[in-house]
Amino acid sequence: MHVLLWLLVAMLAFFAMEGLAWVAHRHVMHGWGWRWHRSHHEPRRGLLEANDGFSVIGAMLAVGLFLAAGALQSPLLQAAAVGVTAYGMAYWLVHDGLVHQRWPWRWSPRAGYLRRLVQAHRLHHAVRTRDGALSFGFLIVADPRLLVARLRERRRSP
Ligand SMILES: [Zn+2]
Ligand SMILES: [Zn+2]
């Protein structure tokens, strides 16, 4: 298999995961999965929260793809598995690391794309309830100024 095709599939899987994460966050976590996700919209009490169950499911998806790739000897599935894993790592770095500071050091980006990601996700957390939240993406987000305006508008006319 050509290395460029392999890379393309891995990248497609990476970006598809952002779409899947958006749909899951918008419709599952803020829907019937709220029982787990709610813990993430409240102050954390211990090292872990029920919401981490969703990360375990994501990890299982990657592991499942690697196993299937091995069993079927499929470089395409292997590329997809690598893309899904890379997304999981990026998600962890941005969401659990940069936004929620679940790592042993304190560092927050002061400008640029990463700063925008942090601000957009903090605005997601500005709403603590299941309904009414906005900004469900993790790596692809709207301009935080736009999100602030939308939040203000919603607060004025609920
Ligand atoms: Zn949420
Ligand atoms: Zn969060």
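The values are calculated or read from the model by the stated rules, or taken from the named source; none is laboratory data. This one's a predicted model, so the numbers in the text were calculated from it and none came from an experiment. Methodologically, a virtual Cβ is constructed for each residue, glycine included, from the backbone with ideal geometry; neighbour enumeration extends over all protein chains shown. Side chains are part of the model used for accessible areas, which takes the heavy atoms of the whole protein and leaves out ligands, DNA and RNA. Shrake-Rupley method; radii C 1.70, N 1.55, O 1.52, S 1.80 Å.
General remarks:
- Taking N as its residue count, the alpha carbon Rg of segment 88-158 over 2.2 N^0.38 Å: 1.15
- If R0 is 22 Å, the Cβ-Cβ spacing of V28 and L67 corresponds to a FRET efficiency of close to 0.40.
- Shown are L8, L77, whose ranking by accessible area with a 1.4 Å probe and every protein chain present, most to least, is L8, L77.
- When the surface is traced with a 1.4 Å probe over the full set of protein chains, S135 keeps roughly 20 Å² accessible.
- For the Cα trace of the chain, dividing Rg by the Kirkwood Rh returns an Rg/Rh value of 1.01.
- Think of each Lys and Arg Cβ as +1 and each Asp and Glu Cβ as -1; about the Cα centre, that makes the dipole of the chain roughly 900 debye.
- Estimated from helical segments only, the mean residue ellipticity of the chain at 222 nm is -18500 deg cm²/dmol, where each DSSP H run of four or more residues counts as -39500 (n - 2.57).
- Normalised per residue, the accessible area of the chain is 63 Å², obtained with a 1.4 Å probe and no contribution from ligands, DNA or RNA.
- Per-residue SASA entry for V23, accessible area with 1.4 Å probe, Å² rounded to 10: 70 Å²
- With both labels modelled 7 Å from their Cα along Cα-to-Cβ, the L20 to L5 distance reads 2.2 nm.
- Each part reduced to its alpha carbon centroid, segment 1-43 and segment 72-106 end up 10 Å apart.
- Label-point separation, D131 to R102 (7 Å along Cα→Cβ), nm: 2.8 nm
- If the chain linking M60 and R150 were pulled fully straight, counting 0.36 nm for each residue of separation and taking away their Cα-Cα distance, it would gain 28.8 nm.
- Largest-first ordering by accessible area, 1.4 Å probe, given options H27, H124: H27, H124
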